[in-house]
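S.K.: The structure under discussion is supplied below as structure tokens; questions concerning it will follow.
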Amino acid sequence: MTLKIVQYGDPVLRVKCRAVAEVDDAILKLADDMIETMVDANGVGLAAPQVGEEVRMAVVDVSHDPDCVSFLRVNGEEVQMVDIMPLVFINPKLELEGPRESDTEGCLSIEDIRANVRRPSIVKATLQLLDGSVIELETDGLLSRALQHEVDHLNGILFVDRISPAAKVSIKRKLRRLGSK
Ligand code: NI
């Protein structure tokens, strides 16, 4: 079932989400629905607060472009992108490394705005999966960026919070309009 994607201005996008204590049927259903919603919206990631749920869960799928990373390791072993996508994770912890890189981002909750965001290039992510296992995922490129963007959502942070002041001026009016809808 596709879910309604919450839009900029809704307070749920500013909530610090709570940890998922137990993977029950409701969480499994939410995960399925979030994947369906992300695919339907042609997104590469979606976090639970974007569908109104204040829990630390997100989905990411960048498998449309397997070359968007220069390396991808799970628990220290090289893996194929397609083998781990779509990636649903709960209660993530990120360690960020490497030089900050700038690239364009958008968000399913902030329609019509895209802007450059600088983020550390490399991420080491400790992710809990729905089967109870915990993986350590290391990567860079678009997947690193997507993980950072989604984990920001779980802390009530949006990509427009991270753009340069100069860039922010140019989208300020647009944001205000979205926020007052
Ligand atoms: Ni987003």
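Okay, residues lined up against (1) hydroxyl-bearing (Ser, Thr, Tyr); (2) surrounded by fewer than 17 Cβ atoms within 10 Å (Cβ to Cβ):
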{"residue": "Cys68", "(1), (2)": "no, no"}
{"residue": "Val79", "(1), (2)": "no, yes"}
{"residue": "Asp83", "(1), (2)": "no, yes"}
{"residue": "Glu105", "(1), (2)": "no, no"}
{"residue": "Ser109", "(1), (2)": "yes, no"}
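S.K.: For residues in region 40-53 being within 15 Å of Ala146 (Cα to Cα) and either part of a helix (DSSP H, G or I) or at pLDDT below 95 (or both), which is farthest from the ligand (Cβ to nearest atom)? Full working, then the answer.
M.R.: Start the filter on region 40-53 by keeping residues that are within 15 Å of Ala146 (Cα to Cα), which leaves 42-48, 50.
Among the residues that remain, those that are also either part of a helix (DSSP H, G or I) or at pLDDT below 95 (or both) are: 48, 50.
Working: Ala48: 12, Gln50: 6 Å.
Result: Ala48.
S.K.: Here is a follow-up. Select, from Asp24, Asp65, the only residue that is touching a residue at least 60 places away in the same chain (Cβ under 8 Å), among the acidic types (Asp, Glu), away from the ligand (no atom under 16 Å from the Cβ) and farther than 17 Å from Glu150 by Cα. First the steps, then the outcome.
M.R.: Working: Asp24 fails: touching a residue at least 60 places away in the same chain (Cβ under 8 Å).
Matching residue, one of Asp24, Asp65: Asp65.
S.K.: Turning to a different aspect of this structure: Looking only at residues that are under 22 Å from Ala48 (Cβ atoms) and more than 13 Å from the ligand (Cβ to nearest atom) in region 140-180, which one is modelled with the lowest pLDDT? Walk me through how you get there before you give the answer.
M.R.: Of all residues in region 140-180, those under 22 Å from Ala48 (Cβ atoms) come to 142-162, 178-179.
Then keep just the ones that are more than 13 Å from the ligand (Cβ to nearest atom); that gives 142-144, 178-179.
Values: Leu142: 97, Leu143: 98, Ser144: 98, Leu178: 85, Gly179: 79.
So, considering only residues that are under 22 Å from Ala48 (Cβ atoms) and more than 13 Å from the ligand (Cβ to nearest atom), the one modelled with the lowest pLDDT is Gly179.
S.K.: Name the residues in region 111-122 that are of a type outside the set (Lys, Arg) and either within 16 Å of the ligand (Cβ to nearest atom) or exposed (fewer than 14 other Cβ atoms within 10 Å of the Cβ) (or both), would you? Can you show your working first?
M.R.: The initial filter retains those residues of region 111-122 that are of a type outside the set (Lys, Arg), namely 111-113, 115-117, 120-122.
Within region 111-122, Glu111, Asp112, Ile113, Ala115, Asn116, Val117 qualify.
S.K.: Which one is surrounded by the most Cβ atoms within 10 Å (Cβ to Cβ), of the residues in region 40-56 that are out of contact with any Lys or Arg (no Cβ under 8 Å at 6 or more places or on another chain) and in contact (Cβ under 8 Å) with a residue 40 or more places away in the chain?
M.R.: Among them, the one singled out is Leu46.
S.K.: Scan region 130-141 and tell me whether some residue there is in contact (Cβ under 8 Å) with a residue 12 or more places away in the chain and touching an Asp or Glu at 6+ places or on another chain (Cβ under 8 Å).
M.R.: No, that holds for no residue.
S.K.: Give the number of residues within region 161-181 that are surrounded by 12 or more Cβ atoms within 10 Å (Cβ to Cβ), hydroxyl-bearing (Ser, Thr, Tyr) and closer than 22 Å to Val6 by Cβ.
M.R.: Residues flagged as surrounded by 12 or more Cβ atoms within 10 Å (Cβ to Cβ), hydroxyl-bearing (Ser, Thr, Tyr) and closer than 22 Å to Val6 by Cβ within region 161-181 amount to 0.
S.K.: Within 30 Å of Ala167 (Cβ to Cβ), within 16 Å of the chain's Cα centre (by Cα) and within 16 Å of the ligand (Cβ to nearest atom), is that true of Arg56?
M.R.: Yes.
The values are calculated or read from the model by the stated rules, or taken from the named source; none is laboratory data. Keep in mind it's a predicted model, so treat the numbers as computed, not measured. Positions of Cβ are generated from backbone atoms using ideal geometry, with glycine treated the same way; all protein chains shown enter the neighbour counts.
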